[in-house]
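Structure record follows, encoded as structure tokens.
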Amino acid sequence: MTECAAWFQRGERVIAGGVNSPARSFRAVGGGIPPVMTRGQGPYLFDVDGRAYIDYLAAFGPLVLGHAHPRVIAAIKQQAERGPLLGTPCDVEILLAEELVRSIAGLEQVRLTTTGTEAVMSVIRLARAATGRSLMVKFEGTYHGHSDPVLVKAGSGVATGGGQLSSGVPAGVIQDVATLPYNNVKALDDFLQARGAEVALVLTEPIVGNMGIVAPLPGYLEAVAELTRNAGALLAFDEVITAYRFSYGAAGPRLGVIPDLYALGKIIGGGAAQGAYGGRRELMQLVAPNGRMFQAGTLAGNPLSAAAGLATLEVLREDQPYAEMDRLAAVLADEIALRAHRWKIPVTINRVGSAFTVFFGATAVVDYDGAQASDARRFAQFHRLMLEAGIYLAPSRFEAWFVSAQHRPDDIAQTLDAVERAFQVMAGRD
Ligand SMILES: Cc1ncc(COP(=O)(O)O)c(C=O)c1O
């Protein structure tokens, strides 16, 4: 038995399902034992058997600087020596908040939370507090964390469970959530015509990362913003994946739309536990202690996370690695498409900047129905072959490949060799 298998078995005895988040299991790719990792360095992961993998998971998005970036590690060490938790206002959380507010249009004030889930929960509560309305609108196949209202028809790990994973969510919660198709202006317009006066917020990922990468069609986000505001509701962008992934700042403003509220996470924690939410100052004045919307956290504004996040943002701002990340991702995605075509394996690749998804057997994917029409069995086979070749991909067809600032042309070339061999096997020519 490999060390990985032995460790995983130990884990399964004491951790439900052997994983601390379902998307890490291999159930969506035909089962099997996920390698148990012991460390990461740059673009690589290393398992307990000593095997190296080129990592495109990036821990589901946060690791835009790759693993264990020296500046981030130095910041964590320095903060650990000053005390990992102070339980009071502290300098480093203020520095991070200032940087977020400075670099994201429409983010006038912020609250730091511990996870993206909490950030979204708080956005929903704040929008309801501000409008006095209860109903929220979200979109099929987006993922907004694991709080009750957002599990309805959600993407990511919920999607791989066949949408049957909302057990335990009370009917009373579901009744205040409307879930509509993404990229469909008419569906939103029709809904808001009928029930717009009841809607507190329209919540969306501006670029969806959780049914695979799906970009908004031209004009879609602008139309969503206009319809939402005409209904007297608030527009909330969940930028937990997108902020600082495609450029330095948030994706919404770059696409021409500034929301009323943002939820943030992942990259702004530099690999440590971090979320944030915020928006217009007058909305944030409703949050306790200034206002009556309660939201709190023992670990919120955690100095270790703030230090790691701040160091990550500093490196991103100084190095501006986006053009090179995008270039490498484009090479990778275009070459995968070319090789798939050569081996007569139908794929659709959705790429935005440094993130992309390879949908097997699907034609244009603009919404959740399109993503679901992709071939789960083919993806599972591809995933297994890539893993065997030392390439770590997210174990679900509804996630993304993330190219980081640490991937080098050699890593891309090695990955493409693995793709070529995988396609050869899949085409039945090995
Ligand atoms: C868009 C989006 N929102 C919210 C979340 C939840 O964040 P967390 O896992 O930190 O609670 C995720 C996590 O994948 C996400 O992708």
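The values are calculated or read from the model by the stated rules, or taken from the named source; none is laboratory data. Small disclaimer: the values here were computed from a predicted structure and weren't measured. For neighbour counting, all protein chains shown are included, and Cβ atoms are generated from backbone atoms with ideal geometry for every residue, glycine included.
Things worth noting here:
- Residues of segment 224-246 that turn out to be within 15 Å of the ligand (Cβ to nearest atom) and of a type outside the set (A, V, I, L, M), as a count: 7
- Taken over segment 34-73, the criterion of being β-branched (V, I, T), surrounded by fewer than 22 Cβ atoms within 10 Å (Cβ to Cβ) and either within 16 Å of the ligand (Cβ to nearest atom) or within 24 Å of H146 (Cβ to Cβ) (or both) is satisfied by V36 alone.
- When segment 108-138 is filtered for residues that are within 16 Å of the ligand (Cβ to nearest atom) and part of a loop (DSSP other than H, G, I, E, B), the ones remaining, listed by number, are T114, T115.
- Scope segment 350-391; condition modelled with pLDDT of 95 or more, surrounded by fewer than 24 Cβ atoms within 10 Å (Cβ to Cβ) and of a type in the set (S, T, Y); matching residues: S374
- Counting the residues of segment 217-227 that are surrounded by 24 or more Cβ atoms within 10 Å (Cβ to Cβ) and not hydrophobic (A, V, I, L, M, F, W, C) gives 0.
- All of F60, F8, F46 fail the test of being outside the structural domain of I268 (by TED's automatic domain parsing) and farther than 30 Å from L310 by Cα, apart from F8.
- Taken over segment 9-33, residues that are among the small types (G, A, S), surrounded by 13 or more Cβ atoms within 10 Å (Cβ to Cβ) and touching a residue at least 60 places away in the same chain (Cβ under 8 Å) amount to 5.
- Close pairs from segment 275-288: first over 12 Å from Y262 (Cα atoms) and touching a residue at least 60 places away in the same chain (Cβ under 8 Å), partner within 16 Å of the ligand (Cβ to nearest atom) and assigned to a loop (DSSP other than H, G, I, E, B), Cβ under 7 Å, at least 6 apart: V287/Q295
- Flag if A337 is surrounded by fewer than 19 Cβ atoms within 10 Å (Cβ to Cβ) and not in a helix (DSSP H, G or I): no
- When the residues of segment 172-200 are filtered to those that are touching a Gly at 6+ places or on another chain (Cβ under 9 Å) and part of a helix (DSSP H, G or I), the one that is farthest from A376 (Cα to Cα) is A197.
- Every residue from segment 247-271 that is within 16 Å of the ligand (Cβ to nearest atom) and surrounded by fewer than 22 Cβ atoms within 10 Å (Cβ to Cβ): L255
- Condition check for L316: over 16 Å from Y244 (Cβ atoms), among the hydrophobic types (A, V, I, L, M, F, W, C) and either in contact (Cβ under 8 Å) with a residue 24 or more places away in the chain or surrounded by fewer than 16 Cβ atoms within 10 Å (Cβ to Cβ) (or both): no
- Contact annotation: residue pairs with Cβ atoms under 8 Å, 6 or more positions apart or on different chains, pairing a residue in segment 196-210 that is within 14 Å of M121 (Cα to Cα) with a partner that is part of a strand (DSSP E or B) and among the small types (G, A, S), are L201/A236; V202/A236; L203/A236; T204/A236.
- Set L221, L203: member being assigned by TED's automatic domain parsing to the domain that holds A75, closer than 30 Å to P395 by Cα, within 16 Å of the ligand (Cβ to nearest atom) and in a strand (DSSP E or B): L203
- Selection count where residues are closer than 27 Å to P181 by Cβ and either at pLDDT below 95 or within 18 Å of the chain's Cα centre (by Cα) (or both), scope segment 98-117: 2
- Unmet criterion (only one of (1) free of Cβ contacts under 8 Å to residues at least 40 places away in the same chain; (2) surrounded by fewer than 17 Cβ atoms within 10 Å (Cβ to Cβ); (3) closer than 18 Å to A243 by Cβ) for Q175: (3)
- Output for segment 211-242, where each listed residue is under 20 Å from the mean Cα position of the chain (by Cα), among the small types (G, A, S) and within 16 Å of I124 (Cβ to Cβ): A236
- Test: residue in segment 153-164 that is outside any loop (DSSP other than H, G, I, E, B), of a type in the set (S, T, Y), within 14 Å of the ligand (Cβ to nearest atom) and touching a strand residue (DSSP E or B) at 6+ places or on another chain (Cβ under 8 Å): no
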